[in-house]
Each structure stands twice: as structure tokens, then as C-alpha cells.
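To keep things clear, I will list the structure first and then write my remarks on it.
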Amino acid sequence: MNASHLIEQLAQLYPVYDTSDLLRLALLLSLQHPGLEELEDGAVLQQQCNEIALQLSASSDQHAAVADELDSLAATSPCDFSPDHLWTLIRAIKVQSQILNLYLGPSESPA
């Protein structure tokens, strides 16, 4: 299977998606399945699309929650900085990392 065939299959599965949504989904699928061969089975493709939708939804929810926390943190006085604020910043970094991993694939750790 090639990318154009994958996008055609996705367009049949999700006729209401616009072009950018189809391309985004195809990118995420190709990052998780570089050869794309296993996605030729319609049931596998549907299952993988559902998994990606769940991952995106979870990441989006986490991102929104952390964004609210960061807004609250930005509104506090620098003198009131506490260890809890540090944990908020660390969570924000981790959420951003999860989102980047979805779109770029997991990074190779140095040996």
C-alpha cells in the first residue's frame, strides 16, 4: 500500500473529514506502521484509526488541562512560586513531548 491508497481508504471510511484531517490521520498511521502493509485489511485500519483517535483525544484533554494550569501559574506572583508550580511545568513538558511523539514518532535515545 502507498500513501495515496491509504488516503483513499481513509476518505471512504471518513467521508466527512476534510483534506487536512485525512492527511493528518494518514501521517499518524504511517508513523506507527511505516510499511503500511498491515493497514490493507479494513478491520485493522479501522482499529488503528480508533486507537489514534483515542490517543489524540487523551493528548488534547491533557494539553487543555495543563494549559489551564499554566495560565493559573502565569497569573501568580513570582514570589509565590512553589514546588507544585515546578510539577505543573514538568507535566506541561511531558504533555508536549507526548504530542510531538504522535506527530514525529518516538525519538531515538542516544546510546
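A few comments on the model shown:
- All told, TYR17 falls short of being among the aromatic types (Phe, Trp, Tyr) and in contact (Cβ under 8 Å) with a residue 24 or more places away in the chain.
- Looking across segment 70-97, the residues that are more than 22 Å from ALA58 (Cα to Cα) and in a helix (DSSP H, G or I) come down to LEU73, ALA74, ALA75, PRO78, CYS79, ASP80, PRO83, ASP84, HIS85, LEU86.
- Pairs, first surrounded by 11 or more Cβ atoms within 10 Å (Cβ to Cβ) and charged (D, E, K, R) in segment 27-48, second modelled with pLDDT under 85 and in a loop (DSSP other than H, G, I, E, B), C-beta under 8 Å, six or more apart: GLU40/MET1
- Single match in SER77, SER82 (criterion: small (Gly, Ala, Ser), surrounded by 10 or more Cβ atoms within 10 Å (Cβ to Cβ), modelled with pLDDT under 80 and over 30 Å from LEU23 (Cβ atoms)): SER82
- Residue among ALA58, ALA53 that is within 24 Å of MET1 (Cα to Cα), at pLDDT 80 or above and in a helix (DSSP H, G or I): ALA53
The values are calculated or read from the model by the stated rules, or taken from the named source; none is laboratory data. From a predicted model like this one, the values you see are computed outputs, not experimental measurements. Neighbour counts are summed over all protein chains in view; Cβ atoms, including those assigned to glycine, are modelled from backbone coordinates with ideal geometry.
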